[in-house]
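Remarks on the structure that follows.
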Amino acid sequence: MKVGVVETPGVLKLVEREIPKIKNANDVLVKVKRVGICGSDIHIFHGKNPFAVYPRVWGHEFVGEVVETGTAVKSVKKGDHVVVEPIISCGECYACRQGRGNVCLNLKVFGVHIDGGCAEYVVVPEANAHILPADLPWDEAALIEPFTIGAQACYRGNVQKGDYVLVMGAGTIGLTVAAMAKLYGAIVIVSDLIDDKLAYAKSRGADYTINSGKENIFDRVNEITGGMGANVTVDAVCVKKTFEDAILLTSVAGRVVELSFSETPSEIAPVNIIKKEISVHGSRLQTKRFPVVIDFVKSGKLPLGGFVSKVYPISQMAEAFDYTEKNNASVRKVLISFD
Ligand SMILES: NC(=O)c1ccc[n+]([C@@H]2O[C@H](COP(=O)([O-])OP(=O)(O)OC[C@H]3O[C@@H](n4cnc5c(N)ncnc54)[C@H](O)[C@@H]3O)[C@@H](O)[C@H]2O)c1
Ligand SMILES: [Zn+2]
Ligand SMILES: [Zn+2]
(Lines give C-alpha, C1' and ligand atoms only; values in the text may rest on other atoms or scores of the structure.)
(Ligands and ions follow the chains in the order given, each with its own letter.)
Protein backbone atom coordinates (compact mmCIF):
# COMPACT_ATOMS: atom_id res chain seq x y z
CA MET A 1 0.00 0.00 0.00
CA LYS A 2 1.01 3.63 -0.49
CA VAL A 3 2.04 5.60 2.59
CA GLY A 4 3.03 9.25 3.01
CA VAL A 5 6.04 9.51 5.29
CA VAL A 6 8.09 12.37 6.65
CA GLU A 7 11.38 10.46 6.77
CA THR A 8 13.35 13.23 8.42
CA PRO A 9 12.50 16.93 8.70
CA GLY A 10 12.17 18.32 5.16
CA VAL A 11 11.97 14.90 3.47
CA LEU A 12 8.44 13.88 2.50
CA LYS A 13 8.12 10.62 0.57
CA LEU A 14 5.49 8.32 -0.85
CA VAL A 15 6.62 4.76 -0.07
CA GLU A 16 5.26 1.21 -0.29
CA ARG A 17 4.50 -0.66 2.94
CA GLU A 18 2.72 -3.85 3.88
CA ILE A 19 -0.98 -3.48 4.67
CA PRO A 20 -1.14 -3.52 8.49
CA LYS A 21 -2.74 -6.48 10.25
CA ILE A 22 -5.25 -6.42 13.06
CA LYS A 23 -3.33 -7.31 16.24
CA ASN A 24 -5.87 -6.80 19.01
CA ALA A 25 -9.36 -8.26 19.14
CA ASN A 26 -10.83 -4.76 19.41
CA ASP A 27 -8.99 -3.32 16.40
CA VAL A 28 -10.49 -2.44 13.05
CA LEU A 29 -8.81 -2.10 9.66
CA VAL A 30 -9.83 1.11 7.88
CA LYS A 31 -9.37 1.73 4.15
CA VAL A 32 -8.55 5.44 4.16
CA LYS A 33 -10.47 7.67 1.74
CA ARG A 34 -9.31 11.16 2.67
CA VAL A 35 -6.66 12.72 4.88
CA GLY A 36 -6.54 16.44 5.58
CA ILE A 37 -3.37 18.50 5.68
CA CYS A 38 -3.20 20.53 8.89
CA GLY A 39 -0.79 23.26 9.97
CA SER A 40 0.67 20.75 12.41
CA ASP A 41 1.47 18.33 9.55
CA ILE A 42 3.41 21.14 7.88
CA HIS A 43 5.22 21.72 11.18
CA ILE A 44 6.10 18.02 11.37
CA PHE A 45 7.34 18.16 7.78
CA HIS A 46 9.66 21.02 8.75
CA GLY A 47 10.80 19.44 12.02
CA LYS A 48 9.03 22.09 14.09
CA ASN A 49 6.87 19.81 16.20
CA PRO A 50 8.75 18.91 19.42
CA PHE A 51 6.65 15.77 19.91
CA ALA A 52 7.19 14.19 16.49
CA VAL A 53 9.51 11.22 16.11
CA TYR A 54 10.82 10.36 12.60
CA PRO A 55 10.26 8.63 10.26
CA ARG A 56 6.58 9.38 10.71
CA VAL A 57 3.51 8.60 8.61
CA TRP A 58 1.76 11.97 8.84
CA GLY A 59 -1.97 12.68 9.17
CA HIS A 60 -4.45 12.97 12.01
CA GLU A 61 -7.50 14.15 10.04
CA PHE A 62 -8.63 10.99 8.29
CA VAL A 63 -11.75 9.13 7.29
CA GLY A 64 -12.43 5.85 5.57
CA GLU A 65 -14.34 2.62 5.35
CA VAL A 66 -14.05 -0.29 7.77
CA VAL A 67 -12.89 -3.33 5.79
CA GLU A 68 -12.11 -5.80 8.59
CA THR A 69 -12.90 -6.07 12.29
CA GLY A 70 -11.19 -7.86 15.19
CA THR A 71 -13.02 -10.74 16.86
CA ALA A 72 -14.23 -8.66 19.84
CA VAL A 73 -15.38 -5.60 17.89
CA LYS A 74 -19.01 -4.71 18.57
CA SER A 75 -19.55 -1.02 17.82
CA VAL A 76 -18.60 -0.92 14.13
CA LYS A 77 -18.90 -3.35 11.24
CA LYS A 78 -17.41 -3.95 7.82
CA GLY A 79 -18.65 -1.32 5.37
CA ASP A 80 -19.18 1.43 7.98
CA HIS A 81 -17.87 4.87 7.07
CA VAL A 82 -15.84 6.21 9.97
CA VAL A 83 -13.85 9.21 11.11
CA VAL A 84 -10.91 8.29 13.29
CA GLU A 85 -10.40 10.05 16.62
CA PRO A 86 -6.63 10.43 16.40
CA ILE A 87 -5.75 10.06 20.08
CA ILE A 88 -4.64 7.10 22.18
CA SER A 89 -4.56 7.65 25.94
CA CYS A 90 -3.45 5.40 28.79
CA GLY A 91 -6.72 5.35 30.74
CA GLU A 92 -4.85 5.45 34.04
CA CYS A 93 -3.19 8.82 34.61
CA TYR A 94 -4.90 11.70 36.43
CA ALA A 95 -6.19 13.29 33.20
CA CYS A 96 -7.59 9.99 31.97
CA ARG A 97 -9.28 9.38 35.31
CA GLN A 98 -10.89 12.82 34.93
CA GLY A 99 -12.21 11.76 31.51
CA ARG A 100 -9.71 14.02 29.75
CA GLY A 101 -7.64 11.56 27.75
CA ASN A 102 -6.73 14.36 25.31
CA VAL A 103 -4.17 15.58 27.86
CA CYS A 104 -3.10 12.10 28.97
CA LEU A 105 0.40 11.92 30.44
CA ASN A 106 1.18 9.19 27.92
CA LEU A 107 -0.74 10.74 25.03
CA LYS A 108 -0.15 9.34 21.56
CA VAL A 109 -1.50 11.30 18.62
CA PHE A 110 -1.74 9.64 15.21
CA GLY A 111 0.67 11.28 12.79
CA VAL A 112 2.71 12.80 15.63
CA HIS A 113 3.79 10.26 18.26
CA ILE A 114 2.61 7.24 16.26
CA ASP A 115 2.04 6.64 12.54
CA GLY A 116 -0.96 8.46 11.16
CA GLY A 117 -3.59 8.42 8.47
CA CYS A 118 -1.74 9.16 5.24
CA ALA A 119 -1.82 5.48 4.32
CA GLU A 120 -4.14 3.36 2.22
CA TYR A 121 -4.96 1.26 5.27
CA VAL A 122 -4.71 1.99 8.99
CA VAL A 123 -5.48 -0.22 12.01
CA VAL A 124 -7.19 1.62 14.88
CA PRO A 125 -8.95 0.56 18.09
CA GLU A 126 -12.73 0.38 17.57
CA ALA A 127 -13.20 3.06 20.25
CA ASN A 128 -11.41 5.51 17.94
CA ALA A 129 -13.69 4.82 14.97
CA HIS A 130 -16.82 6.99 14.96
CA ILE A 131 -19.52 5.96 12.51
CA LEU A 132 -20.60 8.53 9.92
CA PRO A 133 -23.72 8.73 7.80
CA ALA A 134 -22.98 6.65 4.69
CA ASP A 135 -24.17 9.47 2.43
CA LEU A 136 -21.84 12.12 3.90
CA PRO A 137 -19.34 12.98 1.14
CA TRP A 138 -15.78 12.03 2.06
CA ASP A 139 -14.57 15.59 1.38
CA GLU A 140 -16.94 16.81 4.09
CA ALA A 141 -16.32 13.91 6.47
CA ALA A 142 -12.62 14.81 6.56
CA LEU A 143 -13.54 18.16 8.15
CA ILE A 144 -15.04 16.62 11.26
CA GLU A 145 -11.70 16.42 13.11
CA PRO A 146 -10.91 20.15 12.64
CA PHE A 147 -14.45 21.00 13.78
CA THR A 148 -13.87 18.99 16.97
CA ILE A 149 -11.09 21.52 17.74
CA GLY A 150 -13.66 24.32 17.44
CA ALA A 151 -16.12 22.34 19.55
CA GLN A 152 -13.45 21.83 22.22
CA ALA A 153 -12.66 25.55 22.38
CA CYS A 154 -16.36 26.29 22.98
CA TYR A 155 -16.58 23.54 25.58
CA ARG A 156 -13.49 24.79 27.42
CA GLY A 157 -14.83 28.36 27.27
CA ASN A 158 -18.27 27.21 28.43
CA VAL A 159 -19.93 29.13 25.60
CA GLN A 160 -23.54 29.88 26.49
CA LYS A 161 -26.50 31.06 24.45
CA GLY A 162 -26.36 34.85 24.11
CA ASP A 163 -22.65 35.12 25.02
CA TYR A 164 -20.49 37.44 23.00
CA VAL A 165 -17.72 35.21 21.67
CA LEU A 166 -14.67 36.83 20.11
CA VAL A 167 -12.75 34.47 17.84
CA MET A 168 -9.30 35.85 17.06
CA GLY A 169 -8.24 34.46 13.69
CA ALA A 170 -10.35 33.44 10.71
CA GLY A 171 -8.02 30.64 9.67
CA THR A 172 -9.18 27.04 9.51
CA ILE A 173 -9.39 26.69 13.27
CA GLY A 174 -10.94 30.11 13.93
CA LEU A 175 -13.67 29.28 11.42
CA THR A 176 -14.46 26.02 13.20
CA VAL A 177 -14.64 27.82 16.56
CA ALA A 178 -16.93 30.49 15.10
CA ALA A 179 -19.22 27.88 13.54
CA MET A 180 -19.51 25.88 16.75
CA ALA A 181 -20.08 29.02 18.87
CA LYS A 182 -22.95 29.99 16.55
CA LEU A 183 -24.45 26.53 17.06
CA TYR A 184 -24.36 27.14 20.82
CA GLY A 185 -26.32 30.36 20.30
CA ALA A 186 -23.51 32.85 20.79
CA ILE A 187 -23.13 36.25 19.15
CA VAL A 188 -19.90 35.74 17.25
CA ILE A 189 -17.25 38.34 16.49
CA VAL A 190 -14.30 37.25 14.31
CA SER A 191 -11.04 39.18 13.90
CA ASP A 192 -8.29 38.70 11.33
CA LEU A 193 -5.93 40.77 9.21
CA ILE A 194 -7.27 39.56 5.86
CA ASP A 195 -10.56 40.94 4.56
CA ASP A 196 -11.28 37.90 2.36
CA LYS A 197 -11.00 35.62 5.38
CA LEU A 198 -13.35 37.85 7.35
CA ALA A 199 -15.83 37.93 4.46
CA TYR A 200 -15.79 34.13 4.40
CA ALA A 201 -16.35 34.00 8.19
CA LYS A 202 -19.33 36.29 7.76
CA SER A 203 -20.71 34.15 4.93
CA ARG A 204 -20.61 31.22 7.36
CA GLY A 205 -22.57 33.03 10.04
CA ALA A 206 -20.24 35.33 12.00
CA ASP A 207 -22.28 38.27 13.30
CA TYR A 208 -19.46 40.83 13.32
CA THR A 209 -15.99 40.95 11.83
CA ILE A 210 -13.01 43.13 12.73
CA ASN A 211 -9.93 43.67 10.61
CA SER A 212 -7.54 44.20 13.52
CA GLY A 213 -4.86 45.49 11.13
CA LYS A 214 -7.08 48.37 10.04
CA GLU A 215 -9.40 48.90 13.00
CA ASN A 216 -8.83 49.23 16.73
CA ILE A 217 -10.00 45.89 18.04
CA PHE A 218 -10.58 47.28 21.56
CA ASP A 219 -12.83 50.05 20.31
CA ARG A 220 -14.77 47.72 18.05
CA VAL A 221 -15.30 45.03 20.69
CA ASN A 222 -16.43 47.67 23.18
CA GLU A 223 -18.81 49.14 20.64
CA ILE A 224 -20.31 45.75 19.72
CA THR A 225 -20.66 44.57 23.34
CA GLY A 226 -21.82 47.88 24.79
CA GLY A 227 -18.57 48.37 26.71
CA MET A 228 -18.69 44.93 28.37
CA GLY A 229 -16.03 43.06 26.40
CA ALA A 230 -16.30 39.55 25.01
CA ASN A 231 -17.65 36.96 27.41
CA VAL A 232 -15.47 34.34 25.78
CA THR A 233 -12.36 35.12 23.75
CA VAL A 234 -10.72 32.33 21.78
CA ASP A 235 -7.17 32.88 20.55
CA ALA A 236 -6.95 31.06 17.22
CA VAL A 237 -4.15 33.31 15.95
CA CYS A 238 -1.77 32.12 18.63
CA VAL A 239 0.88 34.81 18.80
CA LYS A 240 2.16 36.61 21.92
CA LYS A 241 0.06 39.71 21.31
CA THR A 242 -3.23 37.90 20.69
CA PHE A 243 -2.90 36.02 23.98
CA GLU A 244 -2.20 39.28 25.82
CA ASP A 245 -5.03 41.12 24.03
CA ALA A 246 -7.43 38.25 24.68
CA ILE A 247 -7.13 38.85 28.43
CA LEU A 248 -7.81 42.57 28.00
CA LEU A 249 -10.70 42.11 25.56
CA THR A 250 -12.60 39.73 27.84
CA SER A 251 -15.49 40.79 30.07
CA VAL A 252 -15.98 40.45 33.79
CA ALA A 253 -16.53 36.80 34.69
CA GLY A 254 -15.40 35.94 31.16
CA ARG A 255 -13.32 33.10 29.78
CA VAL A 256 -10.21 33.13 27.62
CA VAL A 257 -9.48 30.01 25.58
CA GLU A 258 -5.92 29.64 24.37
CA LEU A 259 -5.11 27.30 21.49
CA SER A 260 -1.43 28.14 21.02
CA PHE A 261 1.42 25.65 21.28
CA SER A 262 3.88 28.57 21.26
CA GLU A 263 6.76 28.58 23.73
CA THR A 264 7.12 32.37 23.59
CA PRO A 265 6.26 33.91 26.97
CA SER A 266 3.59 36.61 27.18
CA GLU A 267 3.48 39.61 29.51
CA ILE A 268 0.20 39.71 31.38
CA ALA A 269 -0.29 41.65 34.60
CA PRO A 270 -2.09 39.36 37.07
CA VAL A 271 -4.43 42.21 38.00
CA ASN A 272 -5.97 41.99 34.54
CA ILE A 273 -7.01 38.45 35.29
CA ILE A 274 -8.13 38.83 38.88
CA LYS A 275 -10.01 42.11 38.73
CA LYS A 276 -12.49 40.61 36.25
CA GLU A 277 -12.05 37.08 37.60
CA ILE A 278 -11.26 35.80 34.16
CA SER A 279 -10.73 32.08 33.66
CA VAL A 280 -7.93 31.18 31.28
CA HIS A 281 -8.30 27.76 29.71
CA GLY A 282 -5.96 25.80 27.52
CA SER A 283 -7.75 23.83 24.83
CA ARG A 284 -5.89 20.91 23.33
CA LEU A 285 -7.24 18.53 20.70
CA GLN A 286 -10.65 17.44 21.97
CA THR A 287 -12.41 15.65 24.79
CA LYS A 288 -15.22 13.44 23.47
CA ARG A 289 -16.21 16.04 20.87
CA PHE A 290 -16.53 13.68 17.88
CA PRO A 291 -20.10 12.58 18.72
CA VAL A 292 -21.07 16.23 19.32
CA VAL A 293 -19.84 17.36 15.90
CA ILE A 294 -21.22 14.29 14.11
CA ASP A 295 -24.66 14.93 15.63
CA PHE A 296 -24.63 18.54 14.40
CA VAL A 297 -23.64 17.32 10.93
CA LYS A 298 -26.37 14.66 10.95
CA SER A 299 -29.00 17.21 11.97
CA GLY A 300 -28.05 19.45 9.05
CA LYS A 301 -27.14 22.30 11.42
CA LEU A 302 -23.45 22.18 10.55
CA PRO A 303 -23.12 22.30 6.78
CA LEU A 304 -19.60 21.35 5.71
CA GLY A 305 -19.89 21.94 1.97
CA GLY A 306 -17.71 24.57 0.36
CA PHE A 307 -15.03 24.50 3.07
CA VAL A 308 -12.40 22.40 1.28
CA SER A 309 -10.02 24.42 -0.90
CA LYS A 310 -8.56 21.61 -2.99
CA VAL A 311 -8.32 17.81 -3.18
CA TYR A 312 -5.18 16.11 -4.52
CA PRO A 313 -4.72 12.43 -5.37
CA ILE A 314 -2.18 10.68 -3.16
CA SER A 315 0.24 10.57 -6.12
CA GLN A 316 0.47 14.38 -5.81
CA MET A 317 1.07 14.54 -2.06
CA ALA A 318 4.17 16.72 -2.43
CA GLU A 319 2.25 19.20 -4.62
CA ALA A 320 -0.54 19.27 -2.03
CA PHE A 321 1.90 20.23 0.74
CA ASP A 322 3.48 22.83 -1.50
CA TYR A 323 0.12 24.33 -2.44
CA THR A 324 -0.96 24.47 1.21
CA GLU A 325 2.18 26.28 2.26
CA LYS A 326 2.28 28.72 -0.62
CA ASN A 327 -1.36 29.71 -0.33
CA ASN A 328 -1.68 30.13 3.44
CA ALA A 329 -3.56 33.40 2.99
CA SER A 330 -6.43 31.71 1.16
CA VAL A 331 -6.34 27.98 1.90
CA ARG A 332 -8.90 26.59 4.34
CA LYS A 333 -8.35 22.86 3.95
CA VAL A 334 -6.45 20.76 1.44
CA LEU A 335 -7.24 17.05 1.31
CA ILE A 336 -5.47 14.02 -0.09
CA SER A 337 -7.70 11.45 -1.74
CA PHE A 338 -6.99 7.72 -1.89
CA ASP A 339 -9.79 7.01 -4.38
N1 LIG B 1 -4.90 23.62 20.65
C2 LIG B 1 -5.24 22.84 19.66
O3 LIG B 1 -5.77 21.77 19.84
C4 LIG B 1 -4.97 23.29 18.27
C5 LIG B 1 -5.44 22.53 17.19
C6 LIG B 1 -5.22 22.98 15.91
C7 LIG B 1 -4.52 24.17 15.70
N8 LIG B 1 -4.06 24.87 16.77
C9 LIG B 1 -3.35 26.14 16.60
O10 LIG B 1 -4.29 27.10 16.17
C11 LIG B 1 -3.60 28.10 15.42
C12 LIG B 1 -4.40 28.44 14.20
O13 LIG B 1 -4.42 27.35 13.30
P14 LIG B 1 -5.00 27.52 11.83
O15 LIG B 1 -4.86 26.20 11.17
O16 LIG B 1 -6.34 28.14 11.89
O17 LIG B 1 -3.96 28.56 11.22
P18 LIG B 1 -4.18 29.59 10.05
O19 LIG B 1 -2.82 30.06 9.64
O20 LIG B 1 -5.10 29.00 9.03
O21 LIG B 1 -4.98 30.80 10.74
C22 LIG B 1 -4.41 31.85 11.45
C23 LIG B 1 -5.20 33.11 11.09
O24 LIG B 1 -4.77 34.18 11.90
C25 LIG B 1 -4.70 35.35 11.10
N26 LIG B 1 -3.80 36.27 11.78
C27 LIG B 1 -2.45 36.29 11.80
N28 LIG B 1 -2.00 37.26 12.61
C29 LIG B 1 -3.11 37.86 13.11
C30 LIG B 1 -3.31 38.95 14.02
N31 LIG B 1 -2.26 39.57 14.59
N32 LIG B 1 -4.57 39.30 14.33
C33 LIG B 1 -5.64 38.66 13.77
N34 LIG B 1 -5.50 37.63 12.91
C35 LIG B 1 -4.25 37.25 12.59
C36 LIG B 1 -4.25 34.86 9.75
O37 LIG B 1 -4.59 35.77 8.72
C38 LIG B 1 -5.00 33.54 9.64
O39 LIG B 1 -6.25 33.73 9.01
C40 LIG B 1 -2.20 27.56 15.15
O41 LIG B 1 -1.28 28.23 15.98
C42 LIG B 1 -2.29 26.10 15.53
O43 LIG B 1 -1.08 25.59 16.04
C44 LIG B 1 -4.28 24.45 18.04
ZN1 LIG C 1 -5.46 19.14 12.36
ZN1 LIG D 1 -3.62 8.84 30.63
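Per-structure values
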| item | result |
| --- | --- |
| Considering only segment 148-282, percent of DSSP beta bridges that pair antiparallel, nearest 5 | 0 percent |
| Value of D in µm² per second that Stokes-Einstein yields for the chain, Kirkwood Rh from Cα pairs, at 4 °C (1.567 mPa s) | 63 µm²/s |
| 1.4 Å probe accessible area per residue over segment 1-116, in Å² | 48 Å² |
| Spin-label zone in segment 1-32 - amide nitrogen under 16 Å from a point set 7 Å from the Cα of ALA72 along the C-beta vector | 22-29 |
| Gaussian network model of the chain, springs between alpha carbon atoms under 10 Å - residue of GLN316, GLN286, GLN98 with greatest fluctuation | GLN98 |
| Given LYS33/LYS310; LYS108/LYS288; LYS48/LYS241; LYS21/LYS78; LYS214/LYS241; LYS21/LYS77, the pairs whose alpha carbons are separated by over 19 Å | LYS48/LYS241 |
| Built amide H within the under 5 Å cut-off of HIS281, gap 5+ | VAL256, VAL257, GLU258 |
| Segment ALA318-SER330, extension gain: residue separation times 0.36 nm, minus the distance between their alpha carbons | 2.4 nm |
| Proximal charge balance of PRO86 [Cβ under 10 Å; K/R count +1, D/E count -1] | -2 |
| Gyration tensor verdict on segment 205-269 (Cα atoms; rounded if a/c is under 1.5, prolate if a/b is larger than b/c, oblate otherwise) | prolate |
| Inter-site label distance for TYR54 and LYS241 at 7 Å from Cα along Cβ, in nm | 3.3 nm |
| Sequence-distant aspartates and glutamates (8 or more away, or on other chains) whose Cα lies within less than 15 Å of LYS2 | GLU16, GLU18, ASP115, GLU120, ASP339 |
| Charge tally in the Cβ shell below 12 Å around ILE114, where Lys, Arg are +1 and Asp, Glu are -1, ILE114 excluded | +1 |
| Accessible area of segment 1-147 belonging to carbon and sulfur atoms, whole % at 1.4 Å probe | 52 percent |
| Added length on full extension, which subtracts the Cα-Cα distance from 0.36 nm per residue, LYS2 to CYS93 | 29.2 nm |
| Summed residue charge, Cβ within 10 Å of VAL257's Cβ, Lys/Arg positive, Asp/Glu negative | 0 |
| Rg/Rh (Cα only; Kirkwood hydrodynamic radius) as it applies to segment 148-282 | 0.92 |
| Share, in percent, of DSSP beta bridges within the chain that are antiparallel, nearest 5 | 55 percent |
| Helix-only mean residue ellipticity at 222 nm for the chain, each DSSP H run of n ≥ 4 adding -39500 (n - 2.57), per residue, nearest 500 | -7500 deg cm²/dmol |
| Cβ-Cβ FRET estimate between ASN26 and GLU267, R0 fixed at 56 Å, reported to 0.05 | 0.70 |
| Rounded accessible area per residue of segment 148-282, 1.4 Å, Å² | 43 Å² |
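The values are calculated or read from the model by the stated rules, or taken from the named source; none is laboratory data. Only a predicted model underlies this, so the values are computations on that prediction, with no experimental measurement involved. Quick reminder, even Gly has a Cβ in these numbers, built from the backbone with ideal geometry, and neighbours come from all protein chains shown. Quick note on the areas: whole protein, heavy atoms, side chains included, nothing else; ligands and nucleic acids left out. Shrake-Rupley method; radii C 1.70, N 1.55, O 1.52, S 1.80 Å.
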